Each structure stands twice: as C-alpha cells, then as structure tokens.
1. With an 8 Å cut-off on Cα pairs and a minimum separation of 6 or more residues, tell me the relative contact order of the range 11-147 in percent.
2. Scan the range 30-139 for GluC sites (Glu not before Pro) in coil per DSSP, keeping those whose Cβ has at most 14 other Cβ atoms within 10 Å, and list them by number.
3. Please report the base-10 log of the normalised intensity I(q)/I(0) for the range 281-384, using a Debye sum with one equal scatterer per alpha carbon and no solvent, at each q in 0.24 (1/Å).
4. How about the chain: what cysteines have no other cysteine beta carbon under 4.7 Å from their own?
5. Is the range 94-152 rounded, prolate or oblate when judged by the Cα gyration tensor, a ≥ b ≥ c being the square roots of its eigenvalues, rounded requiring a/c under 1.5 and prolate requiring a/b larger than b/c?
6. Set the Förster distance to 51 Å, then compute FRET efficiency between Phe96 and Ala196 from the Cβ-Cβ distance, nearest 0.05.
7. Looking at the chain, send over the antiparallel percent of its DSSP beta bridges, to the nearest 5.
8. With a point put 7 Å past each Cα toward its Cβ, work out how far Arg223 is from Ile351 in nm, to one decimal.
Amino acid sequence: MAATTIPVDPFDLVILGGTGDLARRKILPALYRRMCSGQLPPEARIIGAARADMNQKKFRDFVRKAITEFSTASPCGDEGIENFLKIIDYEQLDVFAEDGWKRLKKHLRKDVITAFYFSVGPSLFGEIARKLTKHKLTDDTTRIVVEKPFGRDLASAKALNAELTTCFDEHQIYRIDHYLGKETVQNLMAVRFGNALFEPLWNAQHVDHVQITVAEDLGVEGRGAYYDKSGAMRDMVQNHLMQLLCLTAMEPPAKYGADAVRDEKLKVIRALEPVPPGDYVRGQYLGEKPGDSYLDHVNNPDSTTESFIALKVNIANWRWAGTPFYLRTGKRLRARMSEIAVIFKDPPHSIFEGEFNRKGNVLIIRLQPDEGMTLRVTIKEPGPGGMRLMEVPLDMTFAEALGEQIAFLPDAYERLIMDVIRGDQTLFMRGDEVEAAWGWVDPIRAEWIKSGARPLPYDTGSSGPEDSLMLLHRDGRRWRKIKS
Ligand code: NAD
C-alpha cells in the first residue's frame, strides 16, 4: 500500500544555484520522486538558474544524470525521467548582473504559485532578495527557501534576517533544517501528542534525563575547509540537535500549525540555561594512520575547531527543572547513529528487591539507521524457577511495521519542498527561533574562544573523548552505546 498522495497546486519553482551540489544530490531527485508518486500536477515547472553557461538541453542532461545517480527510491523508469525533463527549463544568470533577472521573469506565470529556492552560498541571499524585488519577480504570495547555514552567530543571523525581511514577509520565508523533514522527527510529535500514554510522564517528575546523539562515522574529508570555519557546535548543535531538543521538550501546542508549534519551540530555546565550561566537552578526532586526523583533513595543524561536542543542557521551566538533556554529536565515531533516548526514572519501590537491579523504562526514537521506536520494558524471565525479571525492547522498526509503505515515504527534502508549495511553514525555522538559538550558542563559544582551550583528542571509531563519558558518570549516568 503506497502512502496517500495529494497533488499540490500548479507552481513555478526556480532553483537559484540549480547546477550546484545540493540541487544535484537532493533537490532535483526529490522533485523527481514526488512526480513519480503523483504529487506534481502536470502544470508544474522547474527552472534552474545559475552562472553556468547552459541552455535548456544541457541542463536537462544535467538533471537526467543527477536523478539517475541520486534517486534510488521509487523511480518511475525511463519514461518517468523523460516526463520529468519536460517540465525542466534553465536560465543563465549572474546574481549581480541585471539582464539574467529580466530573462528569468519571462519564464514565470502569473496564475501559479511561485517559489525561489536559494541553493547558493548565504553571502548571496541578500542580493538575490533585492534583485527579485527590484525586477518585480515577486508578489506577496511568493515563497523563498533558504538553506543552512543561517548565519555564523547571532549578529550575522540578525543581519541575514534583516536583509530577507526587507524584501519578504516572515510568512514567505522558509528556512530549511532538513532534520525537521525526517519521518521520525515528526513521529516524535505524533507519539507525544497523539497518545495519552506518554504525555503524563513527560516531565521532570518521571523522566530522569534525555540523551540526544547524532553520531557520524565519517570525518570531514572533502569538506575540511568549510567545516574548520564552523565546527560541531555551529554545524550541528545550533540547528539539528536544537530542533530535536525543542520537539522533545516543548509544551503541547494548541494545534498542529506553523506558529503554534514554533511558538512552543521558541519558549524552550529561551528557557535554556547558559552552559558553564565544566558542562561541555569538545574533541578532535585522531587518525588511524599518519595523515588521517582531523588536523590533517582540514590542513591546519593549529586548528581549535571541534569535530565533537557533548553538552549537559538544563531547561529552566516547570516541566524540566532538574532533568538534564545531554547532547552529543561528532565525526569519526564508532558508528552512524542518531537517536533521542528518554530515560524514565526507576519505579519508586521494587517489590522484587534483591532479585533484580531495577532499571527505568527507556523510550528510544531512532532517526538512523532503521528509523523507528523502541520502548524498553521489564518483564518476567520466561520459565519456571521463581520470579526473575529481564528487560526486553518493545520494538517498532518502521520498515517492519509499515512494510512496503515505507519504501514510498518521502525523504526530508521531498516533504519539505512540497510543504513550501502547500504554504505550510510548520517544519521550517522562524527568524526569531534561529536568532534565539544563536543567542544561546554564542556565549558558550565565546567562553571557549577566550579560554584558548584546545579540543581533546579522541580515537577514530570511539565514542568521543573520555571526558565526555565523565560528563554523565559524575552524575551517576551513562551514555547509551553508539552502534549501528
Ligand atoms: P555549490 O557551490 O555546489 O553550488 C552553488 C551554485 O550557486 C551553483 O549552481 C553556482 O552556479 C551558483 N552560483 C554561485 N554564484 C553565483 C552567482 N553569482 N550568480 C548565479 N549563480 C551563482 O553549493 P551547494 O553545495 O549546492 O550549496 C548551496 C547552498 O546549500 C549553500 O548555502 C550550502 O551551505 C547549502 N547546503 C548544501 C548542502 C549540500 O549537501 N551540498 C547541504 C546543506 C546545505
């Protein structure tokens, strides 16, 4: 059984930076898959625009290659590809010149939804917004989509927001964090607010702590120059882990709608306490062989940028006071694994004293690999011989539970681009949310920059620096294992 698909309204989608890496690997294959699933109306048009000297035919060849290489899920065959190519057009354009914009305008129709995907470096965002307005390519129904990174700190995020909001209203701006488009992340909201079972226990009284892990087994190979200017805190924590934390910790919104959800997430960010130096650990991976360490990969022996960070985060509100959220993310770790684990408190009294080392329930929401959920519960060990207890996982791997249906589920970019066309901003970050996140991150970074402390070394294939394990051990807790 395939997932239900409701076609979107006719649209013109302009991909500015249409010949770039993101367009090739994510945006174009995502649009193709949506067409295969029947979600694109016949009147949809996709217009690539970039500096490259291409025409419609060359760009269509580029798109054909991209979707052949990067679209494995739900392909609709050669005929499908040819049909998709028919809706593709191209306009050569330099953002800073005037003539390309005039030509681009001729591609746009008046009676359909218009969206511009800014798939270019953030330094071009402001200029593109100004050019779109100056050449009258927009009206108040136009949508713009901007990619991460949204700023490097609070000041730059504010400047970027100011540039965009000079030309567009907030309701027209779609800031992508692709984590929010993941099936499991939305399932977190469904589990919390669609069941009566969890919400009464979802607080400091019943939850001992929460662990959020986004571990990668790969290093920064190939992206070293970019990454070394960013680091794990800015590249992962400020956006992806912050979003996971917000959805786990937020109050139930009055309804599932863009502003209601984002208001609640913003309240969580504003309630985050500053993190003192003893409550975070930064690391840099070592190589398995000479020339293979983080410092080698970024070609900067003096780099103090972290490829790993673990933090203990406290939320100062009634729901969470006293229940820490431990976050960690890093590269070259033991395995590629992302999960949110909610560790419940032990039962207040055990009638089985002496028989069993009591352990609380754990709800694990897995983002990768094998998206799904597990609830660890205590049961009786089967067989005669008295009352012995054991822990078992109540496992729901989506691939098993949903069978064929999972193969047709859209990936994050598919879902998010269709949300843009539908005009649904729920899974996009609002300007004030992004600024609040930077406002929390900046003082933590400022402190470590001032101290001059270097990140601690950790082995490739490990769980990060020893001190990050101590961050929990000293609280009488343990990280869950990083394993695939
Ligand atoms: P890229 O360098 O591969 O592509 C950039 C595109 O912008 C090209 O099509 C280029 O022709 C166009 N361009 C550059 N200057 C231009 C100008 N003056 N006028 C017209 N076109 C111009 O970059 P990318 O990797 O595709 O990244 C695009 C954006 O997406 C960046 O903001 C990046 O941070 C973000 N992003 C990329 C990825 C990824 O996987 N590549 C992931 C997340 C976010």
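Values quoted throughout were computed directly from the atomic coordinates according to the rules given, and no laboratory measurement underlies them. What you are looking at is a predicted structure, and each value in this text was computed from that prediction instead of being measured. No Cβ is skipped: glycine too gets one built from the backbone with ideal geometry, and neighbour counts run over all protein chains shown.
1. Values: 208 pairs, mean separation 44.1, N = 137.
It comes to 32 percent, rounded to a whole number.
2. Numbers: sites: Glu43, Glu69, Glu79, Glu82, Glu91, Glu98, Glu127; in loops: Glu43, Glu98.
When the GluC sites (Glu not before Pro) of the range 30-139 are filtered for loop state and at most 14 Cβ neighbours within 10 Å, Glu43, Glu98 remain.
3. The computed values of log10 I(q)/I(0) come out as -1.27.
4. Cysteines lacking a close Cβ partner in the chain: Cys167, Cys246.
5. Details: a/c = 2.28, a/b = 1.38, b/c = 1.65.
It is oblate, given that a/c is not under 1.5 and a/b is not larger than b/c.
6. Numbers: r = 56 Å, r/R0 = 1.10.
It comes to 0.35.
7. Roughly 55 percent of the beta bridges in the chain run antiparallel, per DSSP.
8. So the label points at Arg223 and Ile351 sit 5.3 nm apart.
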